[in-house]
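Presented below is the structure to which this report refers.
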Amino acid sequence: MKKDPWFRNHLIRDAIYHAIYDRMRVDDSIYLMGEGSHMKIHFDCPAIEKEFPERVITLPISEDANTNFALGMALAGVKPIVDVITADFLYRTMDSICNTVAKTNFVSEPRTIVIRAEFMTAGPTTGQRPEALFTHIPGLNVVIPSNPVDARGLMDAALKEKGCTLFFEDRMIEDATTRKEDMDEGELESIPLGKAKIIRMGTQTASGSIHRLLTVLSYGITLRMLELMLEKEDLALDYELIDLRSIYPVDWETIFDSVSRTDSLLIVEPDVMYSGVGAEIAAQVAERGAEVRRLGAPRMTIPASRSLHGLMLPSEDEIVKMVEEMSG
Amino acid sequence: MMDMDSLYRTMVLIRIVEDKLQELCLEGEAGDLHFSKGQEAISTGVCAALRPTDYIVTHHRTIAHEIAKGADLHKLLAEILGRATGVNGGLAGEMHINNPEIRHAFSFQLVGTCVPVATGLAYALRYYRKTDDIVAVFFGDAASSNGQFHEALNIAKIRKVPLLLVCENNGLAGNIRKEYYLPTETVAERMAAYGIACRNIDGNYVGDVFQTVKDVVEYYVRPLSNPQLIEMDTTRLCWHKQGQRDIRSPEEIAKLAERDPIKLQAEFLGLSEPRQLVIWQETSEYVDRTLARVKEDPWPNEVGSR
């Protein structure tokens, strides 16, 4: 069997390109554009460079106009993927995303637009995670896959979605932490936006157990941390773990269903807690009477040093302490 | 050859529609509308010179462009008055109107946005759809102080898009005068930075607008797929928008009204006053009849569903 020409390894980045390449083969209206787009596919996905060079547009460093340019192409039937690269650069294009794209989708037929960005770890303006801001704007979907299989399935769905999706690549997730089953090279499973994933069902029932069962909800890098912690025998943790995957729309059904069994929810988020993604979920779950706690980053500017940035995330010790407290 | 009489009629239609909408604004039935009174020759002349298959992208002051491009008046007025029968189901209103039927691709309330969107649309028409349709984008001189405007020109020239840039230069940014936002005499001077060719004309002579656009589009923009600017000097004879007092004195506006494009075209055509009166009367009755029907139309009931 001929090997898939794009496939070089199994990381989230490659999975995203795998989905894009697959869709580009069957849908000639998909275009890739942004700063350095030609350079990026040259290294990341030579198959696209070779097969669809005319569908890759390298644009200047003008984020705001670039997104509006993409919207203009969408008006002619194109499904643009706009790569703004660093998530912090999204602030440069807030107007075109929130005022142009989100609103045109309301006052006319919604059109497919995917905006890609990466969470970096290089300081005040190269390490921010602005995902929560976009959940506040009607007309925008926000997804943050935590593993390659989800990345591929979600990008496939985003490219079929009538609407605008902000697609984040969490570069804090190290390749080495990706598990074998999450690098599945097999058949593509499109993952609908707004569908969370239960990573692990709780192994205890609420009655007759020594301690209470707990629902833990997360996404991105902190989800990956929680997943690995479950595997550590010395920690011997037990909780029902949910990967949110879509920050908007939120899979309320899965969350409420789990919490109805456990009656308590811990949200561990990789971003600033203040007015963050977890705040809305906490409010809605608390309104239904469950116990809710949150762990996340403080409301402070990201330090330039990568190790200091790491300290902003909830630590393993903090998480263990909180889980024990809530399960006690 | 263009029928100069029909250009006159289109301008009169725009004027009367806007005057009647202004009354509705004052009565509280319409709100926050922006009118093109005194600038009608630009939308009318440009749209007449385009092919029906060409697109326009416009700004917040855009009732004139809709009419000039041939919008169904009932659907347009219904949209402005928020009725379900409007072009966009009454959800877009005046400033976000988009009308695929007449290829009015979109209008944008935020100043400057129309230029990069039009650039992307023009790119897609030429290099994705592979047609020879072009895009005419309308913006005011004040939009040239916005970053998106400059970012877009940069891309438009690099990517060689078939884009006609129509600057409606009324010397005002809302209610602010030119000395506060334009460091040059003209917007055209700024085009040198992008290698974009430009023409400066008096935008109040509809025949000149028509002919200049025809020339620029058919000899340059369409065949060469290149952006070009036509800067059109014009006069805004109305408020910026409802609820804002004009900084200009009645005397100043009266002086500008000497260049009223409708008056100039009537003179050019040699229309007698009785003949003009008949046209105004007929048009006014037509608009009244349409407005009366629109007011019977239902409100949209799907707000919040998207």
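Any read-out appearing in this document is the output of simple, stated calculations on the displayed coordinates, not a laboratory observation. Predicted, not measured: the structure shown is a model, and the values here were computed from it. In this analysis, Cβ positions are derived from the backbone assuming ideal geometry, glycine residues included, and neighbour counts consider all displayed protein chains.
Of all DSSP bridge pairs formed entirely within the range A:197-327, close to 20 percent run antiparallel. Based on DSSP H segments of at least four residues, each scored -39500 (n - 2.57), chain B has a per-residue ellipticity at 222 nm of -12500 deg cm²/dmol.
Projection of the Cα convex hull of the range A:197-327, averaged over all directions and equal to a quarter of that hull's surface, yields 8.0 nm². Considering only alpha-carbon pairs that sit under 8 angstrom and 6 or more positions apart, the relative contact order computed for chain B is 23 percent. A Förster radius of 45 Å, combined with the Cβ-Cβ distance separating A:K160 from A:S305, puts the computed FRET efficiency at roughly 0.65.
Debye-formula intensities of the range B:157-290, expressed as log10 I(q)/I(0) at q = 0.13, 0.19, 0.20, 0.21 Å⁻¹, are -0.77, -1.17, -1.20, -1.23 (one equal scatterer per alpha-carbon, no solvent). How far is helix A:63-75 tilted off the main Cα axis of chain A, in degrees rounded to 10, range 0 to 90? In chain A, helix A:63-75 runs at an angle near 70 degrees to the longest axis.
Remark: the range B:167-243 is approximated by an ellipsoid whose semi-axes, taken from the C-alpha gyration tensor as √(5λ), come to 25, 17, 10 Å, largest first. Computed with the Debye formula from one identical point scatterer per Cα of the range B:3-79, without solvent, the log10 of I(q)/I(0) at q = 0.23 Å⁻¹ comes to -1.11. Counting only whole DSSP H helices of chain B, the ones at least 20 Å long by C-alpha along their axis and with mean Kyte-Doolittle hydropathy no lower than -1.0 are B:4-26, B:273-294.
Per-residue shielding of B:151-164, expressed as the average number of other chain Cβ atoms within 10 Å of the residue Cβ, stands at 3. Across the range A:12-183, C-alpha contacts under 8 Å between residues 6 or more apart give a mean separation that, scaled by the residue count, equals a relative contact order of 25 percent.
Report the net charge of residues surrounding B:D133, where surrounding means a beta-carbon distance below 9 angstrom and charges are Lys +1, Arg +1, Asp -1, Glu -1. Overall, the nearby charge balance is +3. The spread of Cα positions in the range B:4-294, taken along each principal axis and listed from longest to shortest, comes to 49, 41, 37 Å. Full extension of the chain between A:E325 and A:A236 gives 30.6 nm of extra length, using 0.36 nm per residue less the Cα-Cα distance.
If you count Lys pairs in chain A whose Cα atoms are under 16 Å apart, skipping same-chain pairs closer than 8 places in sequence, the total is 7. Here is the list for the range B:123-195: GluC sites (Glu not before Pro) lying in DSSP coil, each with at most 13 other C-beta atoms within 10 angstrom of its C-beta, are B:E185.
Taking label points 7 Å from Cα along the Cα-to-Cβ direction, A:D27 and B:R129 give a separation of 2.0 nm.
Round to the nearest 0.05 the FRET efficiency obtained for A:T126 and A:W252 when R0 = 35 Å and r is the Cβ-Cβ distance. Here the calculated transfer efficiency is 0.55. DSSP assigns beta bridges within the protein assembly as shown; of those with both partners inside it, close to 10 percent run antiparallel. Here, the protein assembly as shown yields an orientationally averaged convex hull projection of 32.4 nm² when only Cα atoms define the hull.
If I take R0 = 45 Å and measure r between the Cβ atoms of A:S190 and B:E29 in this structure, what FRET efficiency does the formula 1/(1 + (r/R0)^6) give, to the nearest 0.05? In this case the efficiency is close to 0.40.
Taking the charge dipole of chain B about its Cα centre, with +1 at Lys and Arg Cβ atoms and -1 at Asp and Glu Cβ atoms, the residue from B:P274, B:Y180, B:H34 reaching farthest to the positive side is B:Y180.
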